[in-house]
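Novice: Quick one: this structure, given as structure tokens, is what I'll be asking you about.
The values are calculated or read from the model by the stated rules, or taken from the named source; none is laboratory data. None of these values were measured; they are calculated from a predicted model. A quick note on method: Cβ atoms are made from the backbone with ideal geometry, for glycine too, and the neighbour counts reach across all protein chains shown. Note: accessible area is taken over every heavy atom of the protein model, side chains too, but ligands, DNA and RNA are not part of it. Shrake-Rupley method; radii C 1.70, N 1.55, O 1.52, S 1.80 Å.
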Number of protein chains: 2
Amino acid sequence: MMGQFAIGIDGGGTSCRAAVIDHSGQVLGTGKAGAANILSDLENSLIHIVASAKQALIDAGLTPELLEELPAVIGTAGANVGNYGKKVEGALPFASTRVVTDATTALQGALGDADGVIGAFGTGSVYNARRDGRIWGIGGWGFVIGDQASGARLGRDLLERAVLAHDKVTAGSALTASIMAEYGNDPERIVEFAHASKPKDFARYAPVIFEYAGMEDAVAIDIVRTAAKSITESLDALLWPECPSICLLGGLAQAYRPWLDERHKAILAEPRGDVLRGAVELAAKLLLGGEVNRA
Amino acid sequence: MMGQFAIGIDGGGTSCRAAVIDHSGQVLGTGKAGAANILSDLENSLIHIVASAKQALIDAGLTPELLEELPAVIGTAGANVGNYGKKVEGALPFASTRVVTDATTALQGALGDADGVIGAFGTGSVYNARRDGRIWGIGGWGFVIGDQASGARLGRDLLERAVLAHDKVTAGSALTASIMAEYGNDPERIVEFAHASKPKDFARYAPVIFEYAGMEDAVAIDIVRTAAKSITESLDALLWPECPSICLLGGLAQAYRPWLDERHKAILAEPRGDVLRGAVELAAKLLLGGEVNRA
């Protein structure tokens with residue numbers, strides 16, 4: 001069977017998704033299992049990667065034991081940290097394994113083999129670029145001191161503005177009034193929420209911020225503009241003159257589009273596919289005897 | 001002995017400090033014990049309040065059992081939340097007890113019986129005002145979504161700016177370079193610190209930010225100006241036209257002075273005393289048969 005099938009896996013922080021492809025790159029079956037966080041929980045990450053692959057093989061009508069005869073490409077955060085990528089490669093049961101960063105699979109999914117820049121905006125925010133095959137990135141430093149354009153930071157900014165408006169320190173708006181009402185007009189309750197919350201809890205406010213910004217709410221516009229300014233600065237830090245395209249990814253990608261700088265809007269492109277698509281494409285390269293560089 | 005002595009206690013978040021005074025208001029002895037956080041740890045707060053009072057009595061050459069015959073005023077955060085103030089009053093062994101907020105004792109300490117505004121800048125930041133005997137305050141909502149002029153927020157801003165400069169998203173400076181060097185020029189290590197740190201850990205960077213701001217460091221100036229703007233907005237939210245004075249308190253009070261708005265600088269006054277002084281003054285009022293309102 002070797003040489004006929006390959007497996008591409010997106011080892012994500014909330015779940016692993018796998019796809020089995022044939023030599024033409026067509027997806028024959030897909031699978032899903034728990035999270036991969038190789039830096040913080042290597043053991044369970046390995047279990048979930050394998051489980052998603054086995055499920056994909058079963059979904060394709062193949063036997064799960066076949067994985068020991070197939071090549072696999074896994075994209076996962078942390079693959080470029082220390083020797084973690086190599087460690088994961090050594091511990092997995094595939095016939096041959098390439099572990100790459102999730103930036104590599106995201107770039108491949110969004111841009112194919114072309115050069116370009118991607119910005120991902122969900123609970124966090126991170127930027128990556130590929131130029132002449134070289135990949136690098138900025139941002140993605142997390143909620144506390146980074147991820148300036150993330151849903152989590154948008155939400156945190158909103159709660160801060162709501163409490164400042166409550167204290168009459170800065171001007172409120174319909175949005176801050178609705179947030180205060182949600183917490184019974186009691187700033188203590190907002191503070192309690194903020195101190196007990198994880199980034200994804202703050203990020204739940206992102207859609208309502210964009211909604212109010214679209215209705216000319218002054219505070220919402222201010223919050224979104226501040227985040228959009230950080231996107232402009234970050235894209236400018238990554239871009240080079242002949243960069244062909246920028247793709248926005250993640251749950252907030254569409255919402256941010258109208259707020260971008262005109263220079264960046266001019267080269268916006270739709271992503272061709274997602275991270276799993278990227279992993280699948282790299283797996284197809286591996287199957288066809290091509291090179292897939294680690295990390 | 002009743003009618004001769006009274007006890008004033010500053011029930012603070014890091015320690016309790018007590019002073020025994022005579023009928024003329026003179027301090028005869030002082031004592032110190034563990035923290036009072038009545039909202040989160042009522043039991044230990046009561047133990048520490050009593051321990052500090054007993055120590056003060058011993059320090060004054062009196063017997064600690066005397067506390068059951070003396071009036072006491074305790075200033076502590078949370079005294080105005082629900083029925084906590086009353087609960088503490090009921091549980092303490094003094095002959096009579098008044099529990100007031102730390103804002104009340106801080107105002108009394110800084111301003112005596114006069115009207116005015118105080119702003120306290122340490123690990124956190126909070127503002128209080130007294131006008132015709134009425135006390136109210138703003139700010140103090142904590143590190144995550146508040147305390148905009150606190151040492152903790154200054155430190156957090158600095159780490160954020162250092163990582164942004166590392167990514168070449170915004171301009172760096174001598175200060176961001178020195179921070180990056182402290183962490184081996186590895187943003188991962190800064191992020192690790194930020195995620196493991198408490199407000200007081202971030203606040204340790206406040207003095208170095210002011211130091212660099214004094215040396216014209218552009219990033220330091222930007223961080224301090226942002227915080228100073230929030231002080232201006234907060235003071236404006238509290239002030240009234242005939243407000244006689246503003247006192248700055250806390251470890252960063254002196255450092256902020258040159259950065260204040262000219263309108264506020266014009267009515268700056270030195271605080272007459274600290275929170276323990278405020279508790280002592282209120283205890284003296286109680287001893288002389290005056291009224292000390294709860295909270």
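Novice: Looking at (1) more than 9 Å from chain A (Cβ to nearest Cβ); (2) more than 25 Å from the chain's Cα centre (by Cα); (3) open to solvent by 50 Å² or more (accessible area, probe 1.4 Å), which is the only condition B:Lys198 fails?
Specialist: In the conditions (1) more than 9 Å from chain A (Cβ to nearest Cβ); (2) more than 25 Å from the chain's Cα centre (by Cα); (3) open to solvent by 50 Å² or more (accessible area, probe 1.4 Å), B:Lys198 misses (2) alone.
Novice: Does A:Ile74 meet the test of being of a type in the set (Val, Ile, Thr) and at pLDDT below 95?
Specialist: Values: of a type in the set (Val, Ile, Thr): yes; at pLDDT below 95: no.
For A:Ile74, the condition - of a type in the set (Val, Ile, Thr) and at pLDDT below 95 - is not met.
Novice: Can I ask one more? Please determine, by comparing only the residues of the stretch A:132-148 that are within 9 Å of another protein chain (Cβ to nearest Cβ) and open to solvent by less than 20 Å² (accessible area, probe 1.4 Å), which one is modelled with the lowest pLDDT.
Specialist: For the stretch A:132-148, the residue satisfying everything is A:Gly142.
Novice: I've got another one for you. Could you figure out which of (1) assigned to a loop (DSSP other than H, G, I, E, B); (2) in contact (Cβ under 8 Å) with a residue 60 or more places away in the chain isn't true of B:Pro241?
Specialist: Going through the list (1) assigned to a loop (DSSP other than H, G, I, E, B); (2) in contact (Cβ under 8 Å) with a residue 60 or more places away in the chain, B:Pro241 breaks only (2).
Novice: For the stretch B:275-295, which residues satisfy the criterion of being in contact with a Leu (Cβ under 8 Å, 6 or more places away or on another chain) and open to solvent by 20 Å² or more (accessible area, probe 1.4 Å)? Step through it out loud before you land on a result.
Specialist: Pass one, the stretch B:275-295, residues in contact with a Leu (Cβ under 8 Å, 6 or more places away or on another chain): B:278, B:292.
Hits for the stretch B:275-295: nothing passes.
Novice: Could you please find all residues in the stretch A:5-54 being modelled with pLDDT under 90 and either touching a Leu at 6+ places or on another chain (Cβ under 6 Å) or within 13 Å of A:Leu287 (Cα to Cα) (or both)?
Specialist: A:His23, A:Ser24, A:Gly25
Novice: If you scan the stretch A:244-269, which residues turn out to be of a type in the set (D, E, K, R) and assigned to a helix (DSSP H, G or I)? Outline the logic, then answer.
Specialist: First, the residues of the stretch A:244-269 that are of a type in the set (D, E, K, R): A:257, A:261-263, A:265.
Once the filter is applied, which keeps residues that are of a type in the set (D, E, K, R) and assigned to a helix (DSSP H, G or I), the stretch A:244-269 yields A:Arg257, A:Glu262, A:Arg263, A:Lys265.
Novice: Does any residue of the stretch B:143-156 turn out to be β-branched (Val, Ile, Thr) and touching a residue at least 12 places away in the same chain (Cβ under 8 Å)? Break it down stepwise before answering.
Specialist: Filtering the stretch B:143-156 for residues β-branched (Val, Ile, Thr) gives B:144-145.
Filter again for touching a residue at least 12 places away in the same chain (Cβ under 8 Å), leaving none.
There is no residue in the stretch B:143-156 that is β-branched (Val, Ile, Thr) and touching a residue at least 12 places away in the same chain (Cβ under 8 Å).
Novice: I've got another one for you. For A:Leu39, are the conditions met, namely being out of contact with any His (no Cβ under 7 Å at 6 or more places or on another chain) and under 22 Å from A:Leu107 (Cα atoms)?
Specialist: Numbers: out of contact with any His (no Cβ under 7 Å at 6 or more places or on another chain): yes; under 22 Å from A:Leu107 (Cα atoms): yes.
Spelling it out, A:Leu39 is indeed out of contact with any His (no Cβ under 7 Å at 6 or more places or on another chain) and under 22 Å from A:Leu107 (Cα atoms).
Novice: When you go through B:Ala77, B:Ala120, B:Ala129, B:Ala60 one by one, which is the residue that is closer than 17 Å to B:Leu276 by Cβ, assigned by TED's automatic domain parsing to the domain that holds B:Ser197 and either open to solvent by 20 Å² or more (accessible area, probe 1.4 Å) or touching a Cys at 6+ places or on another chain (Cβ under 8 Å) (or both)? Step through it out loud before you land on a result.
Specialist: Numbers: B:Ala77 fails: assigned by TED's automatic domain parsing to the domain that holds B:Ser197; B:Ala129 fails: closer than 17 Å to B:Leu276 by Cβ; B:Ala60 fails: assigned by TED's automatic domain parsing to the domain that holds B:Ser197.
Residue meeting the stated conditions: B:Ala120.
Novice: Looking at this structure, is A:Lys229 within 14 Å of another protein chain (Cβ to nearest Cβ), over 30 Å from A:Gly25 (Cα atoms), among the charged types (D, E, K, R) and not in a helix (DSSP H, G or I)?
Specialist: On the way: within 14 Å of another protein chain (Cβ to nearest Cβ): yes; over 30 Å from A:Gly25 (Cα atoms): yes; among the charged types (D, E, K, R): yes; not in a helix (DSSP H, G or I): no.
The answer is no for A:Lys229.
Novice: Within the group B:Tyr212, B:Tyr205, which residue is open to solvent by 30 Å² or more (accessible area, probe 1.4 Å), away from chain A (no Cβ under 11 Å), modelled with pLDDT of 95 or more and touching a Leu at 6+ places or on another chain (Cβ under 7 Å)? Please lay out each step first, then the result.
Specialist: Values: B:Tyr205 fails: open to solvent by 30 Å² or more (accessible area, probe 1.4 Å).
Exactly one residue qualifies, and that residue is B:Tyr212.
Novice: Another question about this same structure. Can you tell me which residue in the stretch B:182-195 is farthest from B:Asp167 (Cα to Cα), limited to those that are of a type in the set (Asp, Glu) and more than 10 Å from chain A (Cβ to nearest Cβ)?
Specialist: Pass one, the stretch B:182-195, residues of a type in the set (Asp, Glu): B:182, B:186, B:188, B:192.
Restricting the remaining residues to those that are more than 10 Å from chain A (Cβ to nearest Cβ) gives B:182, B:186.
On the way: B:Glu182: 17, B:Asp186: 11 Å.
Top of the filtered list is B:Glu182.
Novice: Scan the stretch B:7-33 residue by residue and report those that are among the β-branched types (Val, Ile, Thr) and open to solvent by less than 20 Å² (accessible area, probe 1.4 Å).
Specialist: Kept after step one, since they are among the β-branched types (Val, Ile, Thr), are these residues of the stretch B:7-33: B:7, B:9, B:14, B:20-21, B:27, B:30.
Hits for the stretch B:7-33 are B:Ile7, B:Ile9, B:Val20, B:Ile21.
Novice: Now for a separate question. Mind counting the residues in the stretch A:157-189 that are in a helix (DSSP H, G or I), open to solvent by 30 Å² or more (accessible area, probe 1.4 Å) and either touching a His at 6+ places or on another chain (Cβ under 8 Å) or not hydrophobic (A, V, I, L, M, F, W, C) (or both)?
Specialist: The qualifying residues number 7.
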